[in-house]
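Participant: Next up is a structure, given as structure tokens.
Here, each number is a calculation from the coordinates, and none is a lab measurement. It should be emphasised that the depicted structure is a prediction, and the values quoted were computed from it without experimental measurement. Cβ atoms come from the backbone with ideal geometry, glycine included; neighbour counts cover every protein chain shown.
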Amino acid sequence: GENVEQHPSTLSVQEGDSAVIKCTYSDSASNYFPWYKQELGKRPQLIIDIRSNVGEKKDQRIAVTLNKTAKHFSLHITETQPEDSAVYFCALGGTSYGKLTFGQGTILTVHP
Amino acid sequence: EAGVAQSPRYKIIEKRQSVAFWCNPISGHATLYWYQQILGQGPKLLIQFQNNGVVDDSQLPKDRFSAERLKGVDSTLKIQPAKLEDSAVYLCASSLDPGNSPLHFGNGTRLTVT
């Protein structure tokens, strides 16, 4: 079945620095790679996603890169702000009726 | 558009008791998912419905968990009897077109089993 490993589990940066979170997977049939942000006590919210026919996608300060050969994808946040502090989850999809398999999460802390 | 609605927001029960959670997906979304999120972990799929049919329940502990979506709209997830390890947030999500459109999550029900 689908399996996804997410690293690091915690990430602490200074405001203005960049943050990178990486996920690796094993199922080569995966073709949808979303990232969710979950603030404390709130629901996961989609922040960016990418499909397997694209290598990179950018939306203002956030970007996702995909390397299908190496089976990994990464979330990049530039010019981090304190409000970026949250738990970030990668997910895999596309192999079974839209089911998403989630990574273990990364706690991002941005220090002012 | 209105989001995914869930109730209750919080529930505290003793082990061996039963509990039920309710979810109303976004209007028009045929696919409904129940996820379990244990503290410090990513959401884990329990069951997925397409309209009123079950698509995937491979990770649902069927000896104690059950779910239904009788009319293909709202859904109920039940646990009977509850165990301590069932303490988690139960998230409902819906999707317009599975595999091609994103999942929209509800705010979840935080269950504490004592």
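Participant: Show which lysines lie in cross-link reach of A:Lys58 when reach means a straight Cα distance below 22 angstrom and same-chain residues fewer than eight apart are skipped.
Facilitator: Qualifying lysines at Cα under 22 Å: A:Lys22, A:Lys37, A:Lys68, A:Lys71.
Participant: A:Glu5 to A:Thr69: extension gain in nm, 0.36 nm per residue of separation minus the Cα-Cα distance?
Facilitator: Full extension from A:Glu5 to A:Thr69 adds 21.4 nm.
Participant: Please give every one of the aspartates and glutamates within straight-line cross-link reach of A:Lys57, meaning a C-alpha to C-alpha distance under 16 Å, and leave out same-chain neighbours fewer than 8 residues apart.
Facilitator: Cross-link targets: A:Asp49.
Participant: Can you give the mean number of other chain Cβ atoms that lie within 10 Å of the Cβ atoms in peptide A:43-56?
Facilitator: Across A:43-56, the average partner-chain Cβ count within 10 Å equals 2.
Participant: Classify the stretch A:1-103: rounded, prolate or oblate, from the alpha-carbon gyration tensor (a ≥ b ≥ c, eigenvalue square roots; a/c under 1.5 rounded; otherwise prolate if a/b is larger than b/c)?
Facilitator: Prolate.
Participant: Mind jotting down a quarter of the surface of the convex hull over the alpha carbons of the protein assembly as shown, in square nanometres, one decimal?
Facilitator: If you wrap the Cα atoms of the protein assembly as shown in a convex hull and average its projections, you get 12.3 nm².
Participant: Taking the beta-carbon count within 10 Å as an exposure proxy, list B:Leu45, B:Leu84, A:Leu100 from fewest neighbours to most.
Facilitator: On the way: B:Leu45 21, B:Leu84 10, A:Leu100 31.
Starting with the residue having the fewest Cβ neighbours, the order is B:Leu84, B:Leu45, A:Leu100.
Participant: Counting only Cα, what are the radius of gyration and maximum Cα-Cα distance Dmax of the stretch B:43-110, in Å?
Facilitator: 12.3, 37
Participant: Rounded, prolate or oblate: which one fits chain B, using the alpha carbon gyration tensor with axes a ≥ b ≥ c (rounded when a/c is under 1.5, else prolate when a/b beats b/c, else oblate)?
Facilitator: Because a/c hits 1.5 or more and a/b exceeds b/c, chain B counts as prolate.
Participant: Return the whole-Å distance between the Cα centroid of the stretch B:1-78 and the Cα centroid of the stretch A:38-56.
Facilitator: 21 Å
Participant: Mind sorting A:Cys90, B:Cys23 by how few other Cβ atoms lie within 10 Å of their own Cβ, fewest first?
Facilitator: B:Cys23, A:Cys90
Participant: If you don't mind, there's one more thing I want to ask. Return the aspartates and glutamates within reach of B:Lys83: Cα separation strictly under 14 angstrom, same-chain partners fewer than 8 residues apart disregarded; answer none if there are no such residues.
Facilitator: B:Glu14, B:Asp63
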